[in-house]
Amino acid sequence: APMSPGWVGRCLDRALPDDAMIFNELGVPLPALTVRDPLGYFGGSLAGGLGWGLPAALGAKLARPERMAVACVGDGSYMFANPVACHQAGAGIGLPVLTLVFNNGIYNAVRRAALSVYPDGHASRTNTMPFTSLDPAPRYDLVMQASGGHGERVEEPEALPGALARAIETVAGEGRQALLDIAVGTP
């Protein structure tokens, strides 16, 4: 069963070290996180573009290699980030970053934008609208594995804490990138 982004955020908050840097691209709701450091949380504006979260996490890891960098991105945002290039750069330069892909199977940013402009339009009456579906979608965890990191698909809420522990150990203990492809519902 898909889990809520709030549940993912609560589990992440419990699992991360206090000095982690979170790059939140419309993934985890801010109230689910405890931000302990002004340089520990970066969120985009609604005027920003898709795909900045993972590259920003890589840049922060380069600047502050002693801190854990976490990219919380939607599946559409992940694809906009050119993930193969990001993972290749991260592996080549030695930037172990944790990526959480909040996978709901749609470009929700596009759907929300349409609803904000046309609240009573076609988008408000349908679950499927042009240019929002990501089906058929690739297996994002396998993209990470192909790039030499740890990739894992998480479909059940009770499996998330263990998956986070394995991913964090890969990043902090082994110095490799990790990605969790997390099935979430559409808000």
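Bear in mind these aren't lab numbers, they're just calculated from the coordinates by the rules spelled out. Because the structure is predicted, anything quoted here is derived from the model rather than measured. Note that we place each Cβ from the backbone using ideal geometry, even for glycine, and neighbour counts take in every protein chain shown.
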### Query
What's the extension gain from residue 84 to residue 19 if we count 0.36 nm per residue and subtract their Cα-Cα distance?
20.7 nm
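Order of 122, 150 from fewest to most other C-beta atoms within 10 Å?
Numbers: 122 10, 150 21.
Fewest to most other Cβ atoms nearby, the residues stand as 122, 150.
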### Query
Using a Gaussian network model of the chain with C-alpha springs under 10 Å, which one of 101, 35, 70 is most mobile by mean-square fluctuation?
35
### Summary
Largest fluctuation, 90, 44, 53 only, Gaussian network model of the chain with Cα springs under 10 angstrom, belongs to 44
### Task
Give the share of C-alpha pairs in each 10 angstrom bin for the chain, from 0 to the last occupied bin, in whole percents, shortest bins first.
10, 40, 36, 12, 2, 0
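Loop only per DSSP, at most 10 neighbouring Cβ atoms within 10 Å: give me the chymotrypsin sites (Phe, Trp or Tyr not before Pro) in the range 35-104, ordered by residue number.
On the way: sites: 41, 42, 52, 78, 80, 102; in loops: 52.
Filter output for the range 35-104: empty list.
Treating only the Cβ atoms of Lys and Arg (+1) and Asp and Glu (-1) as charged, compute the dipole magnitude of the chain about its Cα centre; round to the nearest 20 debye. Working shown, then result.
Numbers: 13 positive and 17 negative charges, 62 e Å.
Dipole size: approximately 300 debye.
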### Query
Once the Cα atoms of helix 53-63 and of the chain are each reduced to a long axis, what angle between those two axes, in degrees from 0 to 90 to the nearest 10, is obtained?
20
### Query
What percent does the relative contact order of the chain come to when contacts are Cα pairs within less than 8 Å and at least six residues apart?
25
